[in-house]
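A.B. asks: Just dropping this structure here.
The values are calculated or read from the model by the stated rules, or taken from the named source; none is laboratory data. Worth saying up front: this structure is predicted, and the values here are computed from it rather than measured. As a convention, Cβ positions derive from the backbone with ideal geometry for all residues, glycine included, and neighbour counts pool all protein chains shown. Keep in mind that these areas ignore ligands, DNA and RNA; they rest on the heavy atoms of the full protein, side chains included. Shrake-Rupley method; radii C 1.70, N 1.55, O 1.52, S 1.80 Å.
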Amino acid sequence: LFFGGRTEEARSQIEVAARIAPTSPRVRLAAGTMAAMSGRERMAQRHFLRALERYPSHPVLERQLRKLDRPQPRREQSIDPERLLAKSRVRPGHLAVLYAGSGEVAKALTWLERAVAAHDPTILFFRFDPRWDELRGHPRYRRAMRTAGLAS
């Protein structure tokens, strides 16, 4: 469900899975990752910590917790795409996600189109990333995803 872009249904089902297998690291990792991507860091942290109770020092869970401890950029801070592109391993898709997450629709769509043109593999995740939920119906989003062969 999550990978198909049906995030609300995925959240509902992951809650069921968490009730059935409350300490499963796979369930908690999936639940925590979805929560983190949705901007619900405290809930993500609870999921990761719950799994670590049973599996101390689980490397993936620990890494996800460390990511949550990093300071998050504030929305009022501007994104300097040229500076980010100058850094190694920053792709157009990364910038598209940054702008989508900050609510800058026009810039997000522009960078999405650039990512598609560059054959950036990060766009594979845009179909299920909750930061794109509000843009999925936008004609430019739909056209870009069709061009990439990822139309839903």
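A.B. asks: Taking helices (runs of 4 or more DSSP H) that do not extend beyond segment 1-62, which have at least 2 residues that are open to solvent by 40 Å² or more (accessible area, probe 1.4 Å) and polar (S, T, N, Q)?
C.D. replies: 7-20
A.B. asks: Select from segment 97-108 the residues that are farther than 25 Å from ALA31 by Cα and either among the hydroxyl-bearing types (Ser, Thr, Tyr) or modelled with pLDDT under 90 (or both) and list them in ascending order.
C.D. replies: Result: GLU104, single match.
A.B. asks: So, of the residues in segment 109-152 that are of a type outside the set (Phe, Trp, Tyr), more than 21 Å from PRO81 (Cβ to Cβ) and in a loop (DSSP other than H, G, I, E, B), which turns out to be modelled with the lowest pLDDT?
C.D. replies: Top of the filtered list is SER152.
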